[in-house]
Every structure is written in structure tokens, then in C-alpha cells.
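Accompanying notes for the structure given below.
The values are calculated or read from the model by the stated rules, or taken from the named source; none is laboratory data. Remember, it's a predicted structure, so these values are computed and weren't measured experimentally. Cβ sites come from the backbone with ideal geometry, for glycine too, and all protein chains shown count toward neighbours. What goes into the accessible areas is simple: the full protein's heavy atoms, side chains included, and nothing from ligands, DNA or RNA. Shrake-Rupley method; radii C 1.70, N 1.55, O 1.52, S 1.80 Å.
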Amino acid sequence: MDHLIGIVGDGYALVAADRKVAHSIIAVKHDEDKILALDQSKLLGCVGELGDTKNFSEFVQKNMALYALRNGTELSTHAAAHFIRGEIAHALRSSPKMCNMLLVGYDEDVGPSLYHTDYLGGMHKMNFGGHGYGSFFAVSLLDRLWRPNMKLEEGIELMKKVFAEINTRFLVGGSTFTLKVVDKDGTRIIDLGDEMKA
């Protein structure tokens with residue numbers, strides 16, 4: 001029942017995830033942050049089985065920090081996406097991880113980017129994307145309303161429309177969302193206001 005959505009705009013990338021954790025038909029908690037800061041310029045949204053997502057996203061975070069310590073430089077978003085894809089593909093043959101991910105990042109030479117990775121190791125650079133049931137509603141809306149070079153305020157409004165659509169159309173509505181942005185100033189949480197909070 002996870003929802004994970006991301007978009008790229010003019011000098012920024014946004015990623016949003018719902019905050020609910022469910023086990024079978026029980027909602028275990030409503031305040032989970034499913035978006036992890038890998039470093040100061042990259043965010044990894046990860047949905048799927050809770051144990052796998054926590055374990056794998058922290059594994060990626062710590063290995064990227066180790067790489068930066070050993071080499072004196074951080075991985076680019078492109079390199080991080082390929083590292084993640086390689087680890088998921090390798091694990092597929094020994095201990096599969098049920099992790100669907102969106103990696104967003106900002107690099108000085110490239111600008112913002114978004115990489116869509118699934119649990120089978122398929123990875124693709126995209127302008128917008130999603131995982132989970134919410135993506136069925138989100139991607140059609142983004143396909144119609146997203147355009148290149150959207151300003152940050154427009155991107156936030158578009159994401160709010162996506163959240164409203166998910167909560168209106170999806171059978172199990174009432175989701176609250178965490179929205180984060182990455183740009184030239186780093187990563188930060190976007191305050192969605194009272195209408196998006198539980």
C-alpha cells in the first residue's frame with residue numbers, strides 16, 4: 001500500500017512518500033519517513049517490505065559514506081544509481097530485497113536528476129516516476145501536468161494535486177505524505193501545511 005512519487009524541475013528534484021507502515025490489514029504506524037538522505041545532495045525514497053527497505057537503504061548510505069572517506073570524493077547521482085542497481089541485481093541471485101526506489105540528486109555539472117529502480121534491478125533515468133499503488137494515479141496525472149523547467153512552487157503544487165488524487169481515488173485513502181527537495185542548497189523537508197497532516 002506504499003506510495004512513492006518523484007519529479008525533476010528547474011534546478012531541483014522532489015520526492016514524496018506516504019508515512020504509513022502496514023502489516024497485513026493493520027496500520028502499524030503513521031509517521032514513518034521512507035526517504036533517506038544518502039549525503040548532502042542525494043535522497044533515496046525506498047518502499048516495499050519494511051525490513052528490506054530499512055536494511056538496504058542504510059547499507060547504501062553507509063557504503064557511499066565509506067566510498068567518500070576512502071576516495072576523498074562523493075559519488076555522483078549517476079554513479080550512485082548504478083551502485084544501487086548493481087547491489088539489487090547482485091542480491092537478486094542470493095537474498096532478494098523487496099525494495100522499489102527513487103533516487104533524486106543534484107550535481108553541479110548535471111543539475112537535478114531522478115533514477116527509478118525496481119526490486120529486479122531495472123533502472124532508468126526519468127523526469128518523473130513512482131512506485132506503489134499510488135503511482136497508478138500519480139503517473140497519469142504527472143504525464144498530463146508535468147512540464148520541463150517547472151519552478152519549485154509549481155512542483156510543490158503539482159505534488160499536492162497528486163496527493164489529493166491518491167487520497168480521492170485509492171480505495172485505502174487518508175494517507176499523509178513526506179515531501180523532500182534536493183537542489184544546489186542541499187536537501188530539506190517541504191512543509192505541506194495542515195491540510196496534508198494527520
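Overview of results
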{"item": "Dipole of the chain, positive direction: furthest Cα of 65, 133, 193, with charges on the beta-carbon", "result": "133"}
{"item": "Gaussian network model of the chain, springs between alpha carbon atoms under 10 Å - residue of 26, 35, 84 with greatest fluctuation", "result": "26"}
{"item": "Whether the stretch 34-144 is rounded, prolate or oblate, judged on the alpha carbon gyration tensor where a/c under 1.5 counts as rounded", "result": "oblate"}
{"item": "At least 20 Å along the helix axis (C-alpha) and Kyte average at least -0.5, DSSP helices within the chain", "result": "50-71, 77-91, 152-169"}
{"item": "Cα gyration tensor category, rounded, prolate or oblate, for the stretch 21-79 with a/c compared to 1.5", "result": "prolate"}
{"item": "Spacing of the two label points (7 Å from each Cα toward its C-beta) at residue 65 and residue 25, in nm", "result": "4.1 nm"}
{"item": "Of 29/97; 29/151; 20/184, those spanning more than 27 Å from alpha-carbon to alpha-carbon", "result": "29/151; 20/184"}
{"item": "Within the chain, helix-based [θ] at 222 nm, where runs of 4 or more DSSP H residues each add -39,500 (n - 2.57), nearest 500", "result": "-11500 deg cm²/dmol"}
{"item": "Solvent-accessible area, 1.4 Å probe, carbon plus sulfur percent, for the stretch 45-198", "result": "52 percent"}
{"item": "Among 85, 93, 169: highest mean-square fluctuation, GNM of the chain, C-alpha pairs under 10 Å", "result": "93"}
{"item": "Cα gyration tensor category, rounded, prolate or oblate, for the chain with a/c compared to 1.5", "result": "oblate"}
{"item": "Cβ-based net charge around residue 39, under 15 Å, with every Lys or Arg adding one and every Asp or Glu removing one", "result": "0"}
{"item": "Where the chain is the region considered: accessible area per residue in Å², 1.4 Å probe", "result": "51 Å²"}
{"item": "Label-reachable residues, the stretch 117-159, where backbone N falls under 19 Å from a point 7 Å from residue 94's Cα toward its Cβ", "result": "119-122"}
{"item": "About the Cα centre, charge dipole magnitude for the stretch 1-133 (Lys/Arg +1, Asp/Glu -1 at Cβ), debye", "result": "360 debye"}
